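Beneath this line is the structure, given in structure tokens, with notes to follow.
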Amino acid sequence: MDTQPAIIDVDAATIQTEVLERSRSVPVLIDFWATWCQPCKTLGPLLEKLATEHAGRFVLAKVDVDRAPELAEAFRIQSVPSVVLVRDGRPVDGFVGALGEQELGEFLAPHLGEAPAGADPVADARALADEGRATEGIDLLRAHLREAAEDVGVRVALAELLLDEGRAGEARKVVTRLSEEQRTSPEASAVLARLELREQAGDLVELQAAVERDPADPGARIALGRALIAAGRNEEGLEHLFEAALLDLHHDEDAPRKALLSVFQALGPEDPLTLEYQQRLSVLLCS
């Protein structure tokens, strides 16, 4: 993943290195804007969105004309917003005014070329999420799916990121595009199990109170365990589910065992908690 920022602020002191020199290796799009400019407030976010989605295929350089009037004069900017595309150290294209997202895509397309060989949108999106930029990672995966809607790995990764961000409804819409066969893969099955747990979750305070009223009720333990898992409190949730299994393994047609298995699927086979509680469940089943 390119570690260079996709969006930068530029002034007279940095124009040479950040725009002219950098444009020899990657296109640089200069956005001349101003705080008082209403169309800039529409165009700017769209440009930033595209810069993030295209993952380093171009750099967006933002110039506040009130802070850097000498740059506006040097590039002969007469009104804002104005956009200039720079390649190999010189302006090669541009436009004045606010364009829509589709028009911006059409403007950029001839200058970007193909995506870099070996580019991995899933790895890039996860790296962004690890940096606290999950929304950018989600936008990156959505952009990839617009061009490759049948990419199952990217679709599953997008659903995972959305779930991590608490956006279960959006995640559900993403996975509905998977075929029945595609849903059987371990990765897709894990996402679907996480969705089911999230959608079954109830109010933690009420469920905790129910367990306190009757600690020996396996059903109350199962409900609380599922809610805790949905809230990301995996170890606590698994402990309540295992306690339900200890109380009555065959309660409600083996509900404690089924609940544990669904959590193992959601967490994945390599998760340390899966390994620990699988072993504990095996011992219980053999006792």
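The values are calculated or read from the model by the stated rules, or taken from the named source; none is laboratory data. Predicted, not measured: the structure shown is a model, and the values here were computed from it. No Cβ is skipped: glycine too gets one built from the backbone with ideal geometry, and neighbour counts run over all protein chains shown.
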List pairs: first in the range 100-121 and within 15 Å of PRO27 (Cβ to Cβ), second modelled with pLDDT under 80, Cβ under 7 Å, 6+ apart or cross-chain?
-> LEU112/HIS54
Could you tell me which residue of the range 77-93 is farthest from HIS144 (Cα to Cα), considering only residues that are not in a strand (DSSP E or B) and not polar (S, T, N, Q)?
-> ILE77
Failed condition for ALA74, given (1) under 14 Å from VAL19 (Cα atoms); (2) small (Gly, Ala, Ser); (3) surrounded by fewer than 22 Cβ atoms within 10 Å (Cβ to Cβ); (4) within 28 Å of the chain's Cα centre (by Cα), with all others met?
-> (4)
The correct count of residues that are of a type outside the set (S, T, N, Q) and out of contact with any strand residue (DSSP E or B) (no Cβ under 6 Å at 6 or more places or on another chain) in the range 77-91 is 4
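Among the residues of the range 38-76, what is the count of those that are in a helix (DSSP H, G or I), within 19 Å of PRO110 (Cα to Cα) and not basic (Lys, Arg)? Show your work before the answer.
Of all residues in the range 38-76, those in a helix (DSSP H, G or I) come to 38-53, 69-74.
From what's left, within 19 Å of PRO110 (Cα to Cα): 46-53.
Going one step further and asking which of them are not basic (Lys, Arg), we end up with 46-48, 50-53.
Final tally of qualifying residues: 7.
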Any residue at all in the range 56-69 that is surrounded by 15 or more Cβ atoms within 10 Å (Cβ to Cβ), free of Cβ contacts under 8 Å to residues at least 40 places away in the same chain and farther than 29 Å from LEU145 by Cβ?
-> yes
Select from the range 52-66 the residues that are among the charged types (D, E, K, R) and modelled with pLDDT of 95 or more and write down the one among them that is farthest from GLU18 (Cα to Cα).
-> ASP66
Can you tell me which residues in the range 134-179 are crowded, with 16+ Cβ neighbours inside 10 Å and β-branched (Val, Ile, Thr)?
-> ILE138, VAL152, VAL154, VAL156, VAL174, VAL175
Within the range 25-44, how many residues turn out to be touching a Lys or Arg at 6+ places or on another chain (Cβ under 8 Å) and among the charged types (D, E, K, R)?
-> 1
Of (1) among the charged types (D, E, K, R); (2) out of contact with any helix residue (DSSP H, G or I) (no Cβ under 6 Å at 6 or more places or on another chain); (3) within 23 Å of ARG183 (Cα to Cα), GLU253 fails just (3)
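Please verify whether ARG233 is within 19 Å of ALA209 (Cα to Cα), under 30 Å from the mean Cα position of the chain (by Cα) and either of a type in the set (A, V, I, L, M, F, W, C) or not assigned by TED's automatic domain parsing to the domain that holds ARG194 (or both), treating the condition exactly as stated. Don't jump to the end; show me each part of the working.
Working: within 19 Å of ALA209 (Cα to Cα): yes; under 30 Å from the mean Cα position of the chain (by Cα): yes; either of a type in the set (A, V, I, L, M, F, W, C) or not assigned by TED's automatic domain parsing to the domain that holds ARG194 (or both): yes.
Criteria met by ARG233.
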Every pair of residues 6+ apart whose Cβ atoms lie under 6 Å, when the first sits in the range 15-37 and is part of a loop (DSSP other than H, G, I, E, B) while the second is of a type in the set (Lys, Arg) | PRO27/ARG87
Just one listed residue, out of GLU181, GLU239, GLU187, GLU170, is without any contact (Cβ under 8 Å) to a residue 40 or more places away in the chain and in the same structural domain as PRO272 (by TED's automatic domain parsing), and it is GLU239
